[in-house]
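Participant: This is the structure I want to talk about, given as structure tokens.
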Protein chains: 2
Amino acid sequence: MRIELVTIGDELLLGQIVNSNIALIGSRLLKIGLQLAAQATVPDELTALEAALRGALDRSDVVITTGGLGPTADDNTKDVLCSIFECQAELDQPVLDDLLKRFGQKLSETIRTQAVVPAKARIIENSVGTAPGFIFDQKPKLMIVLPGPPRELTPMLDKYVLPRLSEMVGNGKVFRQKTFRTTGIGESDVDRRMHQLMKSVTGVGYGLMARPHQVDVRLTCLAESAERADQLLQDIGGLVESEFGDNIFGKGDQKIEAVIGKMLKERNITIALAESCTGGLITSRITDIPGSSDYLNGTIVSYSNQWKHELLDVPEETLKQHGAVSSESARAMAEGVRKISGSDLGLAITGIAGPTGGSAVKPVGLVYMALSDGESTTVKKNNFRGDREMVKFRSSQVALDMIRRYLLSL
Amino acid sequence: MRIELVTIGDELLLGQIVNSNIALIGSRLLKIGLQLAAQATVPDELTALEAALRGALDRSDVVITTGGLGPTADDNTKDVLCSIFECQAELDQPVLDDLLKRFGQKLSETIRTQAVVPAKARIIENSVGTAPGFIFDQKPKLMIVLPGPPRELTPMLDKYVLPRLSEMVGNGKVFRQKTFRTTGIGESDVDRRMHQLMKSVTGVGYGLMARPHQVDVRLTCLAESAERADQLLQDIGGLVESEFGDNIFGKGDQKIEAVIGKMLKERNITIALAESCTGGLITSRITDIPGSSDYLNGTIVSYSNQWKHELLDVPEETLKQHGAVSSESARAMAEGVRKISGSDLGLAITGIAGPTGGSAVKPVGLVYMALSDGESTTVKKNNFRGDREMVKFRSSQVALDMIRRYLLSL
């Protein structure tokens, strides 16, 4: 079954809003084993819109559209649909009744036009906004017309569209997928090893998704039964797990900050941070996780050497002799913040985020991180590429992974 | 001039990442008075990709592509380009030299393939990632091929692509725009006031772009000469400035953290922060700005009450009597962090980011912020809507604005 998505609206092409509907619909379809074959964005303009919709209907079995259903003058979608499916726009009494129920006397003339719909359309109820969706069932083709705002179309997708498409697949095949998230290995390395690993595997496919210091491996499987698909994914998943070992930090869409949060909580371990070059970013990521106050005591963002000395007890000689960006200072900061906070672990990070402040000996991107548990302190030296925000992000990713690997080793 | 964008990659259609390149490129083009006529996403699949690119080249004067240039096996774009432009892929020595300079001996075979490029392409240097971009100049058609990651393609757009397209427009008309960024007023309020203001204006248009606690007003003008356009925008811009006054925090794409950074630096004022519910986010935003170490002494992220007391000198009675989330604790935290850091200003923030921890009296989203200058301390109480990350972000936005308004009042 070939499915195309057409997203409609000038605002998408003018860059006024980010088109998140592609990812929203793509990922929802994937859950029922379907994939978007293509996607296009067209402006609110009659000719271009009609050409795009007719082309998509020619090529595909199912066409989904989003947007272009608002009551304002530039929304031409309904006219185009009437032209394509050769019908008139008519007042739909149930839709009008629903609008009257929700708006009462405040129902404006403009919103009232939302109840005028193409006669051949079956209505998809919109419980959030005012624009109903439509299904045009012209066997063997199907066109599904949805409003643009994600919060309106999401419930419509889940309640009406996905069940309908699931039924249509109905070839007995079941789709399953499994994602492993890795860190500490580059994309090309992961690709080479997966390629080798999957050479003799049939029935399971794979894809990679690279982010800074993170590569996701996604296994997909289409099988005769759910049991068969699950079994295949479990078998091949096992191979992937032994191939990448502790480079795998999570599954599905787990974030590394959530993974270490869970580990800290389970092991009843507390942590405090001393951040210099990352400027609070690591702590902000850790505190994005609900319940992080259970294991995070606090952080000192010590941009000044004065605080490194006064609050974190880094000896003045260390700062003078080795500089704030040094293995020695990182170690002292980690030990200091652990001690003053009374935490089990202390993590420190100091480096040069750039663009200025670098030298031949200590270039931009040089970042030291240290982790202390009271008995010993490990220091890691990194050289990161990228601009200031990228150096900060890469540093946070590697530092969070340093915590994770320490916890694994316990 | 008709411009189409083709975004390439399975990951976009599978919903693994949100396609932000449409908005990025759409808005960048708009700055030079150009618009995307259409956009399409195609998978990493030879036949579909070649058909999409050939179709776009037929219909349009300029085709821009993003993605599909990585070194992994599923990136087929270069093969398709060689087929469309009838040339071979060859090793480009300058690209290889640049990669060798950046990777040295660590340059893998896979990354080395990035230096193999279609012979008819002019290279667009990629200073962030490993995949160079290409320009195919087949008058009157132009094809511009860029890598997928926004961080890589943005500098390439700004440095090479937009100047080249600007040159091509050359129809005698000059496009200019001016953006004002406001905070502290809602979108519908801004819209109503702009509508009123622009009623009698001709030759200048406007558009709004709303973000959490920020509404951008964009004035656009197409005129016979640069002087005429600049004059019109200056005149109307003046009206906008007097309408919104100090709700305008910046122009163009200035961030509020950059604006307060500049103000602090100019006035030679230092600051320290005590963050609780925002968990380091405000400090991370402040430290995204190069040179922020000149005015930021440091931050204490005091997740625990112990640190609020021990490090920030918040009296135990205050914490006990009013709670950590209270006007009194916010005040004491701001005064404490100012004093212990020896800074001119102390900013504190304490609240309930959720999803748990709220009560009838102190609901999720309740956030106190305090700013102390040693003579007096101002406390602001807020009730923010949204999930944990949204409450954190809204808090950071309003806190940064609190600093800005204080500095304006000096």
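Participant: In whole angstrom, note down how far apart the Cα centers of segment A:234-281 and segment B:225-270 are.
Facilitator: Measuring centre to centre over Cα atoms gives 43 Å.
Participant: Ignoring solvent entirely, what values of log10 I(q)/I(0) come out of the Debye formula for segment B:93-177 at 0.13 Å⁻¹ when each Cα is a single scatterer?
Facilitator: Debye curve over Cα of segment B:93-177, log10 I(q)/I(0) at q = 0.13 Å⁻¹: -0.50.
Participant: Calculate what fraction, in whole %, of the accessible area of segment A:270-332 sits on carbon and sulfur atoms when a 1.4 Å probe is rolled over the protein chains.
Facilitator: Heavy-atom surface of segment A:270-332 belonging to carbon and sulfur, 1.4 Å probe: 44 percent.
Participant: Can you pull the mean other chain C-beta count within 10 Å for peptide A:378-391?
Facilitator: Whole-number average of other-chain Cβ neighbours for A:378-391 is 2.
Participant: Moving to a separate point now. Quote the accessible area belonging to residue A:1 in square angstrom, nearest 10, computed with a 1.4 Å probe and with ligands, DNA and RNA left uncounted.
Facilitator: It works out to around 90 Å².
Participant: To continue, here is another question. Once the Cβ-Cβ distance between residue B:317 and residue B:375 is put in as r, and R0 is 25 Å, what FRET efficiency do you end up with, to the nearest 0.05?
Facilitator: So the FRET efficiency works out to roughly 0.55.
Participant: Let me ask another. When the Karplus curve 6.51 cos²θ - 1.76 cosθ + 1.60 is applied with θ = phi - 60°, which whole-Hz ³J(HN,Hα) does each residue of segment A:387-392 get, with x for Gly and Pro?
Facilitator: Using θ = phi - 60°, the values come out as 7, 3, 5, 5, 4, 4 Hz.
Participant: Okay, next question. Which one, A:133, A:365, A:357, has the greatest fluctuation when you compute a Gaussian network model over chain A with C-alpha springs under 10 angstrom?
Facilitator: Of A:133, A:365, A:357, the Gaussian network model singles out A:357 as fluctuating most.
Participant: Can you compute the radius of gyration and Dmax for segment A:1-60, using only the Cα atoms, both in Å?
Facilitator: Reported Rg and Dmax, both Å: 12.2, 34.
Participant: If the only charges are +1 at each Lys and Arg Cβ and -1 at each Asp and Glu Cβ, what is the size of the charge dipole of segment A:15-115 around the Cα centre, to the nearest 20 debye?
Facilitator: Charge dipole, segment A:15-115, about its Cα centre: 520 debye, nearest 20.
Participant: Something else now. In the Gaussian network model of chain A, springs joining C-alpha atoms below 10 Å, which of A:131, A:258, A:51 carries the largest mean-square fluctuation?
Facilitator: Fluctuation is largest for A:51.
Participant: Can you list the distances in nanometres, one decimal and ascending, from the residue B:251 label point to the identical position in each other copy, with the point 7 Å along Cα to Cβ?
Facilitator: Counterpart label points of residue B:251 in the remaining copies fall at 5.6 nm.
Participant: Something else about it: Counting each DSSP H run of 4 or more residues in chain B as -39500 (n - 2.57), what helix-only mean residue ellipticity at 222 nm follows after dividing by all residues, to the nearest 500 deg cm²/dmol?
Facilitator: -12000 deg cm²/dmol
Participant: Modelling each spin label as a point 7 Å along the Cα-to-Cβ direction, I'd like the residue A:199/residue A:408 distance in nm, to one decimal.
Facilitator: Taking the simple label geometry, residue A:199 and residue A:408 are separated by 2.6 nm.
Participant: Separate question: Cα axis of helix A:187-198 to longest principal axis of chain A: angle in degrees, 0 to 90, nearest 10?
Facilitator: 70 degrees
Participant: Return the average number of partner chain Cβ atoms within 10 angstrom of each residue Cβ along peptide A:267-279.
Facilitator: 3
Participant: Non-local amide H neighbours of residue B:277 (under 5 Å, H modeled in plane, Pro and chain starts lacking H): which ones?
Facilitator: Residues meeting the amide H criterion: B:350, B:351.
Participant: Something else about it: If only Cα atoms are counted, what is the Rg of segment B:36-81, and what is its Dmax, in Å?
Facilitator: Gyration radius and largest Cα-Cα distance of segment B:36-81: 10.6, 31 Å.
Participant: If you restrict to DSSP beta bridges whose two residues both lie in the protein assembly as shown, what percentage is antiparallel, to the nearest 5?
Facilitator: Around 65 percent antiparallel, to the nearest 5.
Participant: Could I ask something else about it? When chain B is modelled as a GNM with alpha-carbon springs shorter than 10 Å, which of B:13, B:239, B:29 fluctuates the most?
Facilitator: B:13
Participant: Right, another one. Just to be sure I understand: of the beta bridges DSSP finds with both ends in segment A:188-346, what percent are antiparallel, rounded to 5?
Facilitator: Roughly 55 percent of the DSSP beta bridges within segment A:188-346 come out antiparallel.
Participant: Other chains' Cβ within 10 Å of A:23-36 residues: what's the mean?
Facilitator: 4
Participant: In bins 5 Å wide, starting from 0, what share of all Cα pairs of segment B:311-376 does each bin hold, as a percent?
Facilitator: 4, 20, 25, 22, 16, 8, 4, 1
Participant: Using the Kirkwood formula on the Cα atoms of chain B, what hydrodynamic radius do you get, in angstrom to one decimal?
Facilitator: That comes to 24.7 Å for chain B.
Participant: Okay, moving on. Could you pull the copy-to-copy label distances for residue A:381, with points set 7 Å along Cα to Cβ, in nm to one decimal and sorted shortest first?
Facilitator: Output for residue A:381: 5.4 nm, nearest copy listed first.
Participant: How far is residue B:339 from itself in the other copies, in nm, if each label sits 7 Å out from Cα along the Cα-Cβ line, shortest first?
Facilitator: Spacings between copies for this position, smallest first, are 2.5 nm.
Participant: While we're on this one: Out of all DSSP beta bridges with both ends in chain A, state the antiparallel percent to the nearest 5.
Facilitator: Taking every DSSP beta bridge with both residues in chain A, the antiparallel ones total about 65 percent.
Participant: So if I take the centroid of the Cα atoms in segment B:85-116 and the same for segment B:32-78, what is the distance between those two points in Å?
Facilitator: Measuring centre to centre over Cα atoms gives 22 Å.
Participant: If you average 1/r over every pair of different alpha-carbon atoms in segment A:1-148 and take one over that average, what Kirkwood value in Å do you get?
Facilitator: After inverting the pairwise mean of 1/r, the radius is 15.8 Å.
Participant: Follow-up question, since we're still on this one. Over all alpha-carbon pairs in the protein assembly as shown, figure out the percentage whose distance exceeds 48 Å.
Facilitator: Value for the protein assembly as shown: 25 percent of Cα pairs lie more than 48 Å apart.
Participant: In vacuum, with every alpha carbon of segment A:283-337 counted as one equal point scatterer, what does the Debye formula give for log10 I(q)/I(0) at q = 0.32 Å⁻¹? Two decimals, please.
Facilitator: -1.23
Participant: Same structure, new question: Rounded to the nearest angstrom and ordered from largest down, what semi-axes does the equivalent ellipsoid of segment A:163-311 get from its C-alpha gyration tensor (root of 5λ)?
Facilitator: Taking √(5λ) for each Cα gyration eigenvalue gives 40, 18, 13 Å.
Participant: Taking the Cα centroid of segment B:319-368 and of segment A:355-410, what is the distance between the two, rounded to the nearest whole Å?
Facilitator: Using only Cα atoms, the two centres lie 31 Å from each other.
The values are calculated or read from the model by the stated rules, or taken from the named source; none is laboratory data. None of the values given here were measured: they were computed from a predicted structure. Cβ atoms come from the backbone with ideal geometry, glycine included; neighbour counts cover every protein chain shown. The protein model used for the area step is the full one, side chains on, heavy atoms only, and it has no ligands, DNA or RNA in it. Shrake-Rupley method; radii C 1.70, N 1.55, O 1.52, S 1.80 Å.
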